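The values are calculated or read from the model by the stated rules, or taken from the named source; none is laboratory data. All values derive from a computational prediction rather than experimental measurement. Reconstructed Cβ throughout: ideal geometry from the backbone, glycine too, with neighbour counts over all protein chains shown. Heavy atoms of the whole protein, side chains included, go into the accessibility calculation; ligands, DNA and RNA do not. Shrake-Rupley method; radii C 1.70, N 1.55, O 1.52, S 1.80 Å.
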Amino acid sequence: MQSKIFFELYQKICHDYHIKAQNRWNFDEHGFSMGCFSNGRVLGATREKKSKRTYIKSPGTREWVSLLECVSTDGRDITPLVIFKGKSLQTTWFSMDTPSWHYTTSENGWTSNNIGLRWLEMKILPETKPTDPQEWRLLICDGHGSHTTVEFTKIAKDNRVFIIYLPSHTSHILQPLDLGVFGPLKQKYSQQLQRLAAFTDGTDIKKNMFLDLYNKARIEGITSSNIKISFRTTGLWPFNSRKVLNSTQLNANAGNSTTEAIRSSSPLRLSEIHRTPKKPSEVNTLIDTLGASSSHIDFSAVKRKVIKFAALQSTQIAALEHQNAKQASEIESLRPQKRKRITIDPQKAFADIQDISQANAVLDEDEEQQSDIPAPTRISTRKKTKSARQVAMED
């Protein structure tokens with residue numbers, strides 16, 4: 001079994017190289033379609049009884065962006081790398097509140113062998129460096145081609161970093177970032193996107209807007225607690241291989257032995273209590289019904305009705321507010337913005353906040369110089385022709 005061999009190899013490497021727990025890291029790439037929600041539940045009313053669908057507006061942006069994240073068993077994370085789709089970084093992609101991360105571009109928005117190699121050499125190695133430079137580090141990653149090259153493994157080993165690759169088709173049970181970090185992170189991003197869409201009526205998500213939303217989601221999603229839980233879930237730290245080897249996800253036949261859950265019958269159906277209230281007086285009627293025969297009422301059903309009433313009221317209030325926000329956003333998007341290519345120092349490989357600020361400063365200086373130049377006097381270049389009579393009079 002591949003997973004069992006992986007745990008044996010993992011334990012042997014940590015023992016032979018005396019790799020401390022805080023020097024064990026997990027590195028992975030994940031991507032976003034900037035304007036897409038993740039799967040979730042939507043509360044809404046349907047006019048037709050046969051219809052069971054509720055439609056929500058979402059931003060139309062489907063542009064892809066990738067991010068590289070790296071976390072350790074003791075709950076630490078390093079500065080992420082953002083990979084946009086394009087040929088070069090542009091100043092219009094960033095705002096004044098741009099996070100102090102690292103940025104680059106690729107043709108398809110995914111990492112490449114060159115990006116992966118530079119990321120290891122210039123970011124992972126210095127930011128994960130242990131206090132004692134003689135200590136070995138362990139880097140856990142999947143078998144993506146960008147970090148399985150000879151150059152990648154050689155640079156890692158030269159810097160006392162041992163790489164262990166996950167077996168194929170096991171990232172859903174052995175990759176810490178996939179189990180306890182990326183899930184909550186994408187859920188938080190989806191929530192941020194839904195809040196924005198409620199007031200912008202599905203306006204396209206620009207790159208600077210994505211960075212702001214992802215930064216807020218990252219603060220809530222990539223926490224020290226989530227990182228530690230992710231390593232604990234995989235059994236990598238504290239070490240507990242049985243937790244994974246005995247899991248139903250790993251053993252395909254284990255699902256057949258599961259028993260069906262016992263469902264308790266509801267004392268009273270939702271439709272038998274009252275229709276969904278649409279004004280405060282109907283809420284009071286529903287409360288009075290509870291007091292009259294509380295022992296025969298399905299309180300969970302009543303709770304859903306009250307929540308649905310609150311959602312309808314909130315929707316009506318937000319409908320008036322988001323129209324103004326939509327118009328303001330459309331006006332702002334129509335304004336032409338000057339842009340300038342961001343020059344990256346070859347010694348740094350990736351752009352950071354200093355490069356972005358410097359490019360914006362140069363752009364501002366150019367605009368100031370242009371504003372100081374007086375408007376040129378309009379000179380007509382149209383040639384004046386003289387008639388035959390005018391020529392005769394001059395003679």
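State which residue is nearest to residue 362 (Cα to Cα) when the search covers only region 91-134 and only residues that are in a loop (DSSP other than H, G, I, E, B) and open to solvent by less than 40 Å² (accessible area, probe 1.4 Å). So, considering only residues that are in a loop (DSSP other than H, G, I, E, B) and open to solvent by less than 40 Å² (accessible area, probe 1.4 Å), the one nearest to residue 362 (Cα to Cα) is 94.
Give all pairs with beta carbons closer than 8 Å in which a residue from region 357-371 that is over 17 Å from residue 99 (Cα atoms) meets a residue that is of a type outside the set (A, V, I, L, M) and assigned to a helix (DSSP H, G or I); count only pairs at least 6 apart in sequence or on separate chains. Short answer, once both residue conditions are applied: 363/91.
Restricting attention to region 63-80, the residues that are of a type in the set (A, V, I, L, M) and surrounded by fewer than 23 Cβ atoms within 10 Å (Cβ to Cβ) total 3.
The number of residues in region 328-342 being out of contact with any helix residue (DSSP H, G or I) (no Cβ under 7 Å at 6 or more places or on another chain) and either closer than 21 Å to residue 104 by Cα or modelled with pLDDT of 80 or more (or both) comes to 1. Just so you know, in region 81-90 the residues that are buried (at least 20 other Cβ atoms within 10 Å of the Cβ) and in contact (Cβ under 8 Å) with a residue 60 or more places away in the chain include one that is farthest from residue 31 (Cα to Cα), and it is 89. Among the residues of region 1-33, the ones that are surrounded by fewer than 13 Cβ atoms within 10 Å (Cβ to Cβ), in contact with a Leu (Cβ under 8 Å, 6 or more places away or on another chain) and either of a type in the set (Val, Ile, Thr) or closer than 19 Å to residue 156 by Cβ (or both) come to 0 in all. The residues of region 174-232 that are surrounded by fewer than 18 Cβ atoms within 10 Å (Cβ to Cβ), at pLDDT 95 or above and assigned to a loop (DSSP other than H, G, I, E, B) amount to a single one, 223.
Do the conditions hold for residue 260, that is, is it under 17 Å from residue 306 (Cβ atoms), modelled with pLDDT under 50 and open to solvent by 70 Å² or more (accessible area, probe 1.4 Å)?
No; evaluated as a whole, the condition is false for this residue.
Within region 147-170, the set of residues being in a helix (DSSP H, G or I), free of Cβ contacts under 8 Å to residues at least 60 places away in the same chain and either open to solvent by less than 40 Å² (accessible area, probe 1.4 Å) or out of contact with any Leu (no Cβ under 9 Å at 6 or more places or on another chain) (or both) comprises 150, 152, 153, 154, 155, 156, 157, 158.
Quickly run through region 68-110 and pick out the residues that are of a type in the set (Val, Ile, Thr) and at pLDDT 95 or above.
Selection gives 71, 73, 78, 79, 82, 83, 104, 105.
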